[in-house]
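Undergrad: Following this message is one structure expressed as structure tokens.
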Amino acid sequence: MRGPRACPSGALGGTSANPANSWRLSRLRRPANTSRSSCATRRCTAGSTPTNRIPSSPSRPRRRPPSLPPRRPGRPPKHQSKRRPGSRNTPTPKKVSRVPLEPTTERFRAHRVEHFTESVIREMTRLALRHSAVNLAQGFPDFPAPAELKEAATRAIEEDFNQYAVTWGAKPLRDAIAAKYLRHYALELDPETEITVVCGSTEGMIASLLATTNPDDEIVIFEPYYENYGPDADLCSAKRRYVTLHAPDWTFDPDELRAAFNSKTKAIIVNTPNNPTGKVFTRTELELIAELCQEHDALCITDEIYEHILYDGAVHVPVLTLPGMRDRTILVNSMSKTFSVTGWRVGWVLAAPHLTTSIRKVHDFLTVGAATPLQQAGAFALSLPDKYFIDLAVHYAERRDYLMGLLRVAGLAPYRPAGAYYIMSDIKSIGYSDDVLLSRHLVETVGVACVPGGSFFSRQGLGSHLIRFCFCKKYETLEEAGRRLQRAFRGAAD
Ligand code: GLN
């Protein structure tokens, strides 16, 4: 369980004429009770000691070094302030007056970000914290990372791997990545020219797109999609073209996919295993994608972050291994999900040298590199035995089944995922048709955070009958969420 539920119903205040909209807009505003000044004040009173001054040690009186000329009495040296900081005579610093930017605000808002809203997934985590809700929204584990991995990171810091690594990634990690892909997919990669270590797959994806697209290029995206891809495309001034994945098994219409490709298509993004649907693209589906990429001279950029989280015999096929795709695929992945270290921000991009050269240019100037000691630990992680990767899938399969059961008992209609660690649920069965209204009710009143389905779709209205839960959580967390959902909705479907 993630702490007591302390959320009185309607804690955010009454409903407005259009509660769904006001909730969406509220993302942009900081609620009054969590303003910066009140937080700072709270921190100050709770954490302050009687004095903020550093006490001078009585055992070691400060002496003037003998080499310095004697100080003239009564005049402090030029470089010293006349009053000692913290003394009773310290002048109150003059308040810097704020000139409101209002008239010129527009001037400082880049067109490329003006229509962005913040990530709904990450917003839900903040709402979960505010309302002490069980967080089944953002996909990060609430159980510990593997002990041996934490030891490897600690060891790396102690052994002083604390300065920049080579920009493309520490050599041991690039070697370990090459060895991993050889072991799991018989794929040969050159660590010197085909592997770039980045700050998580988020950087991997945007760096790949920035490196390969030009304004007005088109990018094909399967919908529902992981919400970052939209802003990623926008930051490149590329146009998005969507192809629908249809429930319950999230298949797509090959003709619709074919129609999405044209002479302007620069790339297609394929996330398999898929977030949020749990779909694992089959070899046949990927072969069609590969065929279209070759026909239209387009790239396939794959997000394979859930590659080891597969159920019911599903098989993960990296597009990079398909015939004709070695030179036109960019594979993005990271340590986050496979090793339960989403906060480490260590990812990698694999691509043929001609693509890697451009990707490295973006990465070099964008972030320089991922955290060095964590890269060292990454090298250790990737060489863990096969059993680690098999157990990961087994453990998540059990959690998936457990949460599927809890959601069904609560009256929801969950879709069974074949991979990744999310469950999309239909909400019509509990009498709802608005994902945003229900998500708000769940986090504020029921005490469970999920992600409204609409945030995985391009247009308002699509996905409004869906919400997403994640199950990368302790059993107690899932159990508590199930208890709260059942208390709120059990019987709604009867
Ligand atoms: N992949 C996670 C999710 O979909 C979140 C990742 C993130 O917030 N960076 O919940």
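Please treat every number below as a calculation from the coordinates, not as lab data. All values derive from a computational prediction rather than experimental measurement. Cβ sites come from the backbone with ideal geometry, for glycine too, and all protein chains shown count toward neighbours.
Undergrad: Under the 0.36 nm per residue contour assumption, what length would be gained going from the current alpha-carbon distance of Leu384 and Val113 to full extension?
TA: Here the answer is 93.5 nm.
Undergrad: How big is the stretch 161-383 by the Kirkwood estimate over distinct Cα pairs, in Å?
TA: 17.4 Å
Undergrad: Let me ask another. Would you work out the Kirkwood radius for the stretch 322-419? I mean one over the mean of 1/r across all pairs of different Cα atoms, in Å.
TA: 16.7 Å
Undergrad: Counting Lys +1, Arg +1, Asp -1, Glu -1, what net charge surrounds Ala351 among other residues with beta carbon under 12 Å of its beta carbon?
TA: Taking every other residue near Ala351 into account, the sum is 0.
Undergrad: Return the subset of Lys279/Lys473; Lys428/Lys473; Lys150/Lys474 for which the Cα-Cα distance in this structure is over 22 Å, preserving the input order.
TA: Pairs exceeding the cut-off: Lys428/Lys473.
Undergrad: Another question, then. Once fully extended, how much extra length lies between Thr92 and Arg122, figured as 0.36 nm per residue of separation less the alpha-carbon to alpha-carbon distance?
TA: 6.9 nm
Undergrad: Rg/Rh for the stretch 453-494: what does it come to with C-alpha atoms and Rh from Kirkwood?
TA: 1.10
Undergrad: For Arg240, Arg408, what ranking results if the residue with the fewest other Cβ atoms within 10 Å of its Cβ goes first?
TA: Arg408, Arg240
Undergrad: What is the stretch 289-358 by shape, rounded, prolate or oblate, if you read a ≥ b ≥ c off the alpha carbon gyration tensor as root eigenvalues and call it rounded for a/c under 1.5, prolate for a/b larger than b/c, and oblate otherwise?
TA: oblate
Undergrad: Another one. The stretch 130-159 to the stretch 403-419: how many Å between their Cα centroids?
TA: With the stretch 130-159 and the stretch 403-419 each reduced to a Cα centre, they are spaced 26 Å.
Undergrad: Next question, about the same structure. For Lys279, Lys473, what ranking results if the residue with the fewest other Cβ atoms within 10 Å of its Cβ goes first?
TA: Sorted ascending by nearby Cβ count, the order is Lys473, Lys279.
Undergrad: Checking the cross-link filter: which lysines have an alpha carbon closer than 18 Å to that of Lys387, excluding same-chain neighbours under 8 positions apart?
TA: Lys180, Lys337
Undergrad: Right, next: For Lys95, which lysines qualify as cross-link partners when the Cα separation must be under 22 Å and same-chain residues fewer than eight apart are set aside?
TA: Straight-distance partners of Lys95: Lys82.
Undergrad: Now, a different point. Checking the cross-link filter: which lysines have an alpha carbon closer than 21 Å to that of Lys264, excluding same-chain neighbours under 8 positions apart?
TA: Lys239
Undergrad: Exposure proxy check: Thr125, Thr213, Thr105 ranked by fewest other beta carbons within 10 Å?
TA: Going from sparsest to densest Cβ surroundings: Thr105, Thr125, Thr213.
Undergrad: Full-extension gain between Ser263 and Arg459, please, as 0.36 nm times their residue separation minus the C-alpha to C-alpha distance.
TA: 68.1 nm
Undergrad: Can you tell me the dipole magnitude for the stretch 211-251 around its Cα centre, using point charges on the Cβ only (Lys, Arg +1; Asp, Glu -1), in Debye to the nearest 20?
TA: 60 debye
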